[in-house]
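Report on one structure; see the data block that follows.
The values are calculated or read from the model by the stated rules, or taken from the named source; none is laboratory data. What you see is a predicted model; the values in this text were computed from it and never measured. Backbone-built Cβ (ideal geometry, glycine too); neighbour counts: all protein chains shown.
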Amino acid sequence: MTHFQRYRVTPWLLMAPQLIIVGVFFFWPSLQAVEQAFYVEDAFGLSRQFAGLANFAAVLHEPDYYQALGTTVVFSLSVALGAMAIALLLAVQADRVIKGANAYKTLLIWPYAVAPAVAGVLWMFLFDPTLGLVSAGLESLGIDWNHNLDGDQALLLVILASVWKQMSYNFVFFLAGLQTIPRSLLEAAAIDGAGPWRRFWTVTFPLLSPTSFFLLVMNGVYACFETFATIDTVTGGGPAGATTTLVYKVYEDGFIGQDLGSSAAQSVLLMILVGLLTLIQFRFVERRVQY
Amino acid sequence: MATLQLSALEKRYPNGFTALHGIDLAVEDGELVVIVGPSGCGKSTLLRTLAGLESITAGELAINARRVNDLEPAERDIAMVFQNYALYPHMSVYDNMAYGLKNRGVAKADIRRRVNATAELLDLGALLDRRPRQLSGGQRQRVAMGRAIVREPQVFLFDEPLSNLDAKLRVQMRLEIRRLQKRLGVTAVYVTHDQTEAMTLADRLVVMNAGRVEQCGTPMALYDRPATRFVAGFIGSPAMNFLPVTVRGERLELPDGGELDLATGLDDGAELTLGVRPEHLTTLPDGAAMPASAVALDTRVELIEPLGADTLAYTRLAGLDEPVVARLDGEHAVAEGQTLRLVLTGERLHLFDAEGQRLAERRCAVDVVS
Ligand SMILES: Nc1ncnc2c1ncn2[C@@H]1O[C@H](COP(=O)(O)OP(=O)(O)OP(=O)(O)O)[C@@H](O)[C@H]1O
Ligand SMILES: [Mg+2]
């Protein structure tokens, strides 16, 4: 083996385990989904027929699909913005405390270590209409809480649970971002006559924008894909599809409805959608956050 | 236009460390006071308490005879130039300079006029649209200066503003700062490590040591009559030579056994420190006679440092561990290893007692400088 060949081969060998895992568990199923999207299959998976774009056309003519799209938009925006806003607020506070800072930080990071399904169950119990602590409290305030019947309440609940789960992740990044801002900049701003509020919005916040941008992308992806387990445990997509996001609908139609063609078409659409969103974010937002 | 009055100013950090032990200082209108001292002596702390970035734990700070202890930095009408410049990285040069004016609600047209005028003054006109990262170190420094100037504050505070620049640029900016400060007639407090900067810039020089003011006076007064051994060793480069001496009647016994005619009026056997600057040690031209009341130090040259105009000779004197440094004429031919006879005349000598206090000051009030 010549030196040149060895130089070409070794890196591939070293990457092989990772590449194989990604290939088997990500690329292969993705390709299958794309293929599947162009076929109609009978309910037992015994035969299938090429259908061209029929699956896509069917999906796009389905009113339920647009309801899920609307739910996804509301859900994702609320989760991403809510989780980021709360995390930023907490990070700013945690950055300020001197005594017991580590205890705060550890406590705030904990939710991230909780599995999504477990987090879902936790929130479900807290808000359970008959047993839940929070719902009992709300009851005494005159609010009738039943997310099993009320679609808006159900959506609010999965948003809360998802925000709580994602907040820690954002918190860590915001805190790290805050700590890279030199103190002298804020001191200079104070001398320049900016009060705390103005200092935050004219110095701290702009300097955090690369972090915020990164988190916006990550939170968008999280809200679109990774909240599945939370939704599944808390509401199961209901009531009446009120918490069925696009991802949840892929699962429902494919695994419960056994309509694999439609489900595959939806996942292809979802992939395209998220790809586009990320592209837009990078093209138009990223340019503004560099300084 | 402002005066600054510090009375028994004390700063104790929350961890219990007292960084300033009662500083008394009055800065007059339009005066540039330079603060020097070894690392960790509290220079930055002092400046930050003046700016309002650190709270004052005791004593009083007044600007224009108005107590400002409890005012926010913004309300004190001061400007500060930071060592790392602290320019806002996400703002253009223009916005960096305009920021303080915007915060104070100055009209847009006024801001434009003032920023442009300041940019003109500092030769920044062509750079107004750039971000700080697109500037050289010297340009950043000028922007930091501009940001301070444009607000027309009562007091300028500088914390080692030139320490990140190369030697040549530092000289240039030093002159620039001096010129601007005089032209604008603004009161300024300037912290530095650099001897030359301190000596050349200061109207008045404050030497600090461990949170206290050691001495305060014009640069030449501190150079000529340092009040303590610490100041004597700190001002001047290379540093003053210190020789332990013992009083023998009307004379002082030197470490190598020589004796110098110098009446101190102290008891026989008293231990003192004799200080002499390298530039005040002379050599005797061949064949010349020793002046009266002078004493010769016979030394061996260990190391020479030719500086061009001068040559520094690091020599060894019998009975002394520290080298004795002499600043000789650059023409003077000396070689390492040769013996060198240095002449100590009775003039321009400094005597310090065991506590490091200047001796002359105890005896004659005229000598007191502060
Ligand atoms: N926030 C703080 N808490 C406790 N002690 C501090 C704090 N900041 C500074 N100190 C201490 O106060 C003393 C003076 O610090 P300061 O920064 O004023 O020194 P300096 O004279 O500016 O030194 P340098 O020349 O190195 O900049 C030091 O001993 C330092 O350790
Ligand atoms: Mg300092």
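Being touching a Pro at 6+ places or on another chain (Cβ under 6 Å) and not small (G, A, S) narrows it down to one residue among A:T202, A:T235, A:T230; which is it?
A:T230
So which strands (runs of 3 or more DSSP E) stay within region B:226-334 end to end and still have 1 or more residues that are surrounded by fewer than 13 Cβ atoms within 10 Å (Cβ to Cβ)?
Strands (runs of 3 or more DSSP E) meeting the threshold: B:259-261, B:271-276, B:295-306, B:324-329.
Filter the strands (runs of 3 or more DSSP E) completely within region B:1-42 down to those with at least 1 residues that are away from ligand 2 (no atom under 15 Å from the Cβ) and under 18 Å from the mean Cα position of the chain (by Cα).
By residue number, B:18-27, B:32-36.
Take B:M97 and decide whether it is part of a loop (DSSP other than H, G, I, E, B), without any contact (Cβ under 8 Å) to a residue 60 or more places away in the chain and in the same structural domain as B:V191 (by TED's automatic domain parsing).
So B:M97 fails the test.
Output the number of the condition that B:R251 fails; it satisfies all remaining conditions of (1) touching a Leu at 6+ places or on another chain (Cβ under 7 Å); (2) at pLDDT 90 or above; (3) not aromatic (F, W, Y).
(2)
Residues in region A:161-179: is at least one surrounded by fewer than 14 Cβ atoms within 10 Å (Cβ to Cβ) and not basic (K, R)?
Yes, region A:161-179 contains at least one residue that is surrounded by fewer than 14 Cβ atoms within 10 Å (Cβ to Cβ) and not basic (K, R).
Tell me the residue from B:R48, B:R104, B:R113, B:R133 that is assigned by TED's automatic domain parsing to the domain that holds B:L9, more than 16 Å from ligand 1 (Cβ to nearest atom) and under 26 Å from B:R174 (Cα atoms), please.
B:R133
Would you mind stating whether B:A58 is assigned by TED's automatic domain parsing to the domain that holds B:V207, touching a residue at least 12 places away in the same chain (Cβ under 8 Å), away from ligand 2 (no atom under 16 Å from the Cβ) and surrounded by fewer than 20 Cβ atoms within 10 Å (Cβ to Cβ)?
Against the criterion (assigned by TED's automatic domain parsing to the domain that holds B:V207, touching a residue at least 12 places away in the same chain (Cβ under 8 Å), away from ligand 2 (no atom under 16 Å from the Cβ) and surrounded by fewer than 20 Cβ atoms within 10 Å (Cβ to Cβ)), B:A58 qualifies.
What's the number of the condition A:V59 fails, among (1) under 19 Å from A:H147 (Cβ atoms); (2) buried (at least 19 other Cβ atoms within 10 Å of the Cβ)?
Exception for A:V59: condition (1).
I'd like to check something: does region A:163-183 contain any residue that is within 14 Å of chain B (Cβ to nearest Cβ) and in a helix (DSSP H, G or I)?
Scanning region A:163-183, I find at least one residue that is within 14 Å of chain B (Cβ to nearest Cβ) and in a helix (DSSP H, G or I), so the answer is yes.
Taking region B:45-62, which residues are closer than 26 Å to B:R104 by Cβ, in contact with a strand residue (DSSP E or B) (Cβ under 7 Å, 6 or more places away or on another chain) and within 14 Å of another protein chain (Cβ to nearest Cβ)?
Those that are closer than 26 Å to B:R104 by Cβ, in contact with a strand residue (DSSP E or B) (Cβ under 7 Å, 6 or more places away or on another chain) and within 14 Å of another protein chain (Cβ to nearest Cβ): B:L47, B:T49, B:L50, B:A51, B:E54.
For (1) within 14 Å of another protein chain (Cβ to nearest Cβ); (2) surrounded by fewer than 16 Cβ atoms within 10 Å (Cβ to Cβ); (3) in a helix (DSSP H, G or I), each residue gets a yes or a no:
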site: A:L186; (1), (2), (3): yes, no, yes
site: A:V203; (1), (2), (3): yes, no, yes
site: A:G220; (1), (2), (3): no, no, yes
site: A:F255; (1), (2), (3): no, yes, yes
site: A:Q258; (1), (2), (3): no, yes, no
site: A:S262; (1), (2), (3): no, no, yes
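Among the numbered conditions (1) within 16 Å of ligand 2 (Cβ to nearest atom); (2) closer than 30 Å to B:R179 by Cβ, tell me where B:I78 comes up short.
Unmet for B:I78, out of (1) within 16 Å of ligand 2 (Cβ to nearest atom); (2) closer than 30 Å to B:R179 by Cβ: (1).
Would you mention how many residues in region B:282-296 are touching a strand residue (DSSP E or B) at 6+ places or on another chain (Cβ under 7 Å), farther than 12 Å from B:G346 by Cβ and not hydrophobic (A, V, I, L, M, F, W, C)?
2
Those residues that are in contact with a His (Cβ under 9 Å, 6 or more places away or on another chain) and touching a residue at least 60 places away in the same chain (Cβ under 8 Å), I need them from region A:96-148; list them, please.
Across region A:96-148, the qualifying residue is only A:M124.
One line per residue, one yes/no per condition, for (1) away from ligand 2 (no atom under 16 Å from the Cβ); (2) touching a residue at least 40 places away in the same chain (Cβ under 8 Å); (3) within 20 Å of B:V231 (Cα to Cα):
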| site | (1), (2), (3) |
| --- | --- |
| B:L157 | no, yes, no |
| B:D166 | yes, no, no |
| B:R174 | yes, no, no |
| B:L180 | yes, yes, no |
| B:V186 | yes, yes, no |
| B:A202 | yes, yes, yes |
| B:L205 | yes, yes, yes |
| B:G211 | no, yes, yes |
| B:Q215 | yes, yes, yes |
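Is there a residue in region B:65-87 that is more than 14 Å from ligand 1 (Cβ to nearest atom), surrounded by 17 or more Cβ atoms within 10 Å (Cβ to Cβ) and more than 14 Å from every other protein chain (Cβ to nearest Cβ)?
no
Scan region B:86-102 and tell me whether some residue there is within 16 Å of ligand 2 (Cβ to nearest atom) and under 18 Å from A:R199 (Cα atoms).
So far as region B:86-102 goes, yes, one or more of its residues are within 16 Å of ligand 2 (Cβ to nearest atom) and under 18 Å from A:R199 (Cα atoms).
Just to be sure before I move on: is A:T244 touching a Ser or Thr at 6+ places or on another chain (Cβ under 9 Å), within 30 Å of A:L156 (Cβ to Cβ) and either modelled with pLDDT under 90 or within 14 Å of another protein chain (Cβ to nearest Cβ) (or both) in the structure I sent?
yes
Output the residues belonging to region B:195-221 that are crowded, with 21+ Cβ neighbours inside 10 Å and among the polar types (S, T, N, Q).
Listed by number, the list holds a single entry, B:Q215.
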